[in-house]
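Enquirer: What follows is a structure written as structure tokens; I'll ask about it next.
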There are 2 protein chains.
Amino acid sequence: VEPSELVAYPYPAYVLYETLAEGHGARFSAVPFGRDFALPQALFGCDAKLVFVTTPNSPSGTAYEKSELRRLAESLPRGLLVIDEAYVEFAGDDALSLAAELPNVLVTRTLSKSQSLAGMRVGLLFGSTELVRGIAKIKDSYNLDRLAIAAGAAALRDPEWTRRNVERIVRTRSRLAQALADLGMEVLPSRANFVFARLADAKTAKRAYLHLKERGILVRYFEKPLLDDGLRITVGTDAEIDALLGELSDFSRQKS
Amino acid sequence: VEPSELVAYPYPAYVLYETLAEGHGARFSAVPFGRDFALPQALFGCDAKLVFVTTPNSPSGTAYEKSELRRLAESLPRGLLVIDEAYVEFAGDDALSLAAELPNVLVTRTLSKSQSLAGMRVGLLFGSTELVRGIAKIKDSYNLDRLAIAAGAAALRDPEWTRRNVERIVRTRSRLAQALADLGMEVLPSRANFVFARLADAKTAKRAYLHLKERGILVRYFEKPLLDDGLRITVGTDAEIDALLGELSDFSRQKS
């Protein structure tokens with residue numbers, strides 16, 4: 001993206017899109033989601049040079065169908081669609097084939113989530129030969145060290161480990177989502193390794209966040225429109241989830 | 001550096017300066033060294049926004065005095081001087097204090113050479129708080145993974161290991177330089193972990209390079225002005241240096 005060109009993405013999503021667009025002097029347009037986190041119609045046909053869609057999205061956990069992403073890519077008159085599939089292994093479905101089918105689609109992934117290699121900072125990018133060659137030209141040299149390359153290669157050679165890890169997390173996610181709903185929270189349908197659950201209002205959500213924090217349980221609270229009445233809860237081990245649910249249950253009993 | 005601004009450096013030096021300047025759309029000026037690799041006078045007072053000086057330089061091995069680098073930095077009307085000290089531990093002297101003294105000096109180092117951690121891709125940068133804050137703003141997030149950080153921190157905590165490693169290399173470098181001179185080669189005064197040695201002419205240098213390569217000994221041969229009559233030989237173990245000297249001795253006997 002040249003300086004002054006437009007980068008667009010639905011908002012709220014991954015915060016680094018904005019930071020990186022700013023660092024490159026690009027203009028950016030954060031197109032607001034509605035409360036259901038459906039893909040905003042304003043993205044379709046927009047004039048941006050670069051559109052980012054995270055699917056499953058963070059912090060909502062909502063995912064977008066391949067057919068809809070294809071329609072978005074095809075609607076962009078001069079833009080590239082980057083489909084950020086950081087959490088895709090938890091979604092049960094993906095849009096990787098669009099990177100091969102469409103000349104203006106890039107798909108990015110990471111080993112930080114389903115492969116549990118966050119500390120190694122290894123990512124993957126898929127796209128047409130032409131796009132990938134262009135990106136390779138401006139890529140930093142030596143952007144991965146030898147141990148990260150070894151760890152990344154080993155993880156990719158062991159899809160079975162990833163499958164078991166994902167299965168465990170998806171199972172715990174179901175239990176967590178059901179239990180939060182039983183506590184009266186509105187739980188967005190999650191396709192990621194976290195759930196976004198809404199409380200009565202922003203004040204209650206912030207109090208719940210602080211209640212958990214004081215007891216050593218860290219969840220994400222975002223003091224932003226559309227997010228400030230909810231908590232993003234990462235799917236942990238069964239014991240961690242039990243501890244969380246116990247404290248949230250205490251919290252809701254204290255309120256009433 | 002904004003696109004179209006000027007980046008200057010003496011030539012030949014580290015090849016990535018040019019590649020990176022190109023990638024950012026900057027103009028660049030490679031100011032040619034003379035045969036003695038003294039700092040080119042044309043750099044002093046030049047209009048560049050960014051000047052790179054590698055000291056000790058590669059592939060020449062020649063180093064520049066702090067007083068001269070200070071004079072260069074002070075001569076730049078609007079430019080930043082980046083002093084690349086990748087090989088500095090082998091030089092016996094450094095210019096690090098200029099990063100604290102002068103507002104337009106940055107000093108960069110790496111753990112790839114004297115700490116033997118090339119595979120970890122860890123570098124260091126020193127400069128005024130203001131400069132470093134500016135750079136931190138546009139630095140990639142997550143540019144080092146956890147293992148690289150751990151390895152880098154451990155290496156920096158063990159200067160004694162580095163000192164012994166450097167002493168060994170500097171000792172072998174003296175022996176290598178003397179032996180190459182005894183074989184009739186012109187050896188530039190090296191302050192790095194390699195020596196640059198000139199043969200009779202470019203044809204001889206290339207033949208010597210191929211002679212060594214065929215025997216499994218890899219040295220660097222640069223088919224470029226000012227370099228094409230020489231070889232850059234990295235200081236290896238004593239056994240490696242003995243093997244190299246034996247083959248070079250055979251080579252010069254074959255010639256005569």
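Enquirer: Straight-line reach only, C-alpha to C-alpha below 25 angstrom: list the lysines that A:K203 could link to, leaving out same-chain residues fewer than 8 apart.
Expert: Answer for A:K203, where 25 Å is the Cα cut-off: A:K213, A:K224, A:K255, listed by chain and number.
Enquirer: Let me ask another. For the stretch B:110-239, what's the relative contact order in percent, using C-alpha pairs closer than 8 Å and at least 6 residues apart?
Expert: That works out to 18 percent.
Enquirer: Hey, got the dipole for chain A? About the Cα centre, +1 on K and R Cβ, -1 on D and E Cβ, debye to the nearest 20?
Expert: Computed about the Cα centre, the dipole is about 300 debye.
Enquirer: Once Lys and Arg get +1 and Asp and Glu get -1 on their Cβ, which of B:V235, B:A30, B:A63 lies farthest toward the positive end of the dipole of chain B?
Expert: It is B:V235, whose Cα lies furthest towards the positive end.
Enquirer: Show B:R191, B:R121 ordered by accessible area, largest first, where the area counts protein heavy atoms only and the probe is 1.4 Å.
Expert: B:R121, B:R191
Enquirer: Report the Cα centroid-to-centroid distance between the stretch A:149-167 and the stretch B:103-130 in angstrom, as an integer.
Expert: Between the Cα centre of the stretch A:149-167 and that of the stretch B:103-130, the gap is 33 Å.
Enquirer: Loop only per DSSP, at most 16 neighbouring Cβ atoms within 10 Å: give me the trypsin sites (Lys or Arg not before Pro) in the stretch A:148-179, ordered by residue number.
Expert: Sparse-neighbourhood loop trypsin sites (Lys or Arg not before Pro): A:R157.
Enquirer: Let me check against my output: what whole-number percent is the relative contact order of chain A, with C-alpha pairs under 8 Å and at least 6 apart?
Expert: Answer for chain A is 14 percent.
Enquirer: If you plug each phi of the stretch B:88-96 into the Karplus form 6.51 cos²θ - 1.76 cosθ + 1.60 with θ = phi - 60°, what whole-Hz ³J(HN,Hα) values come out, in order, with x for Gly and Pro?
Expert: 4, 5, 8, 8, x, 7, 8, 10, 4
Enquirer: What's the total accessible area buried between chains B and A, using a 1.4 Å probe, rounded to the nearest 100 Å²?
Expert: 1300
Enquirer: Convex hull over the alpha-carbon atoms of the protein assembly as shown: what's its volume per residue in Å³?
Expert: 188
Enquirer: Quick one: putting +1 on the C-beta of Lys and Arg, -1 on the C-beta of Asp and Glu, what dipole do you get for the stretch B:39-139 around its Cα centre, in Debye to the nearest 20?
Expert: Computed charge dipole of the stretch B:39-139: roughly 460 debye.
Enquirer: With θ set to phi - 60° and the Karplus curve 6.51 cos²θ - 1.76 cosθ + 1.60, what are the ³J(HN,Hα) couplings of the stretch B:227-237 in order, to the nearest whole Hz, using x for Gly and Pro?
Expert: 10, 6, 9, x, 10, 9, 10, 6, 6, x, 6
Enquirer: Per-residue Cβ counts within 10 Å, from other chains only, averaged over B:145-155: what number is that?
Expert: Partner-chain Cβ atoms within 10 Å, mean over residues of B:145-155: 4.
Enquirer: Okay, next question. Using 0.36 nm times the number of residues separating A:Y14 and A:L210, minus their current alpha carbon distance, what extension gain do you get?
Expert: 68.2 nm
Enquirer: Give the accessible area for B:S128 in Å² (nearest 10); use a 1.4 Å probe, count only protein heavy atoms, and leave out ligands, DNA and RNA.
Expert: Estimated to the nearest 10 Å², B:S128 gives 40 Å².
Enquirer: Per residue, how much accessible area does the stretch A:1-93 have with a 1.4 Å probe, in Å²?
Expert: Spelled out: the 1.4 Å probe surface of the stretch A:1-93, per residue, equals 42 Å².
Enquirer: Turning to a different aspect of this structure: Rounded to two decimal places and with Rh computed the Kirkwood way over Cα pairs, what is Rg over Rh for chain B?
Expert: That ratio is 0.99, to two decimals.
Enquirer: Percent antiparallel among DSSP beta bridges with both residues in the stretch A:10-143, to the nearest 5?
Expert: Antiparallel: roughly 25 percent of the beta bridges in the stretch A:10-143.
Enquirer: Inter-copy label distances at B:Y14, 7 Å along the Cα→beta-carbon direction, one decimal in nm, shortest first?
Expert: Here B:Y14 shows inter-copy label distances of 2.9 nm.
Enquirer: Measuring nothing but label to label, 7 Å from Cα along Cα→Cβ, what are A:P3's distances to the other copies in nm, shortest first?
Expert: Result, one decimal in nm: 0.9.
Enquirer: Please list the helices of chain B that count as membrane-span-like by this rule: a mean Kyte-Doolittle hydropathy of at least -1.0 together with Cα atoms stretching 27 Å or more along the helix axis, each helix being a complete DSSP H run.
Expert: The qualifying helices are B:159-182.
Enquirer: Each label point is 7 Å from the Cα along the Cα-to-Cβ direction; what then is the distance between the points at A:S249 and B:R164, in nm?
Expert: 5.9
Enquirer: Here is a follow-up. Specify the residue with the greatest mean-square fluctuation among B:K66, B:K206, B:K137, computed from a Gaussian network of chain B linking alpha-carbon atoms under 10 Å apart.
Expert: The residue with the greatest mean-square fluctuation here is B:K137.
Enquirer: Using a label point 7 angstrom from Cα along Cα-to-C-beta, what distances in nm, from shortest up, separate B:L96 from the other copies?
Expert: The projected label point of B:L96 is separated from its counterparts by 4.7 nm.
Enquirer: For B:D84, which sequence-distant residues (separation of 5 or more, or a different chain) have an amide H within less than 5 Å of its own amide H, given hydrogens modelled in the peptide plane?
Expert: HN-HN under 5 Å from B:D84: B:V53, B:T54, B:T55, B:T108.
Enquirer: Give the chain A residue with the shortest beta-carbon distance to the rotation axis relating chain A to chain B, plus that distance as a whole number of Å.
Expert: A:L147, 2
The values are calculated or read from the model by the stated rules, or taken from the named source; none is laboratory data. Model, not experiment: these values are computed from the prediction. Because the Cβ atoms are built from the backbone with ideal geometry, glycine has one as well, and the counts that use them run over all protein chains shown. In case anyone asks, the SASA skips ligands and DNA or RNA and just uses the protein heavy atoms, side chains included. Shrake-Rupley method; radii C 1.70, N 1.55, O 1.52, S 1.80 Å.
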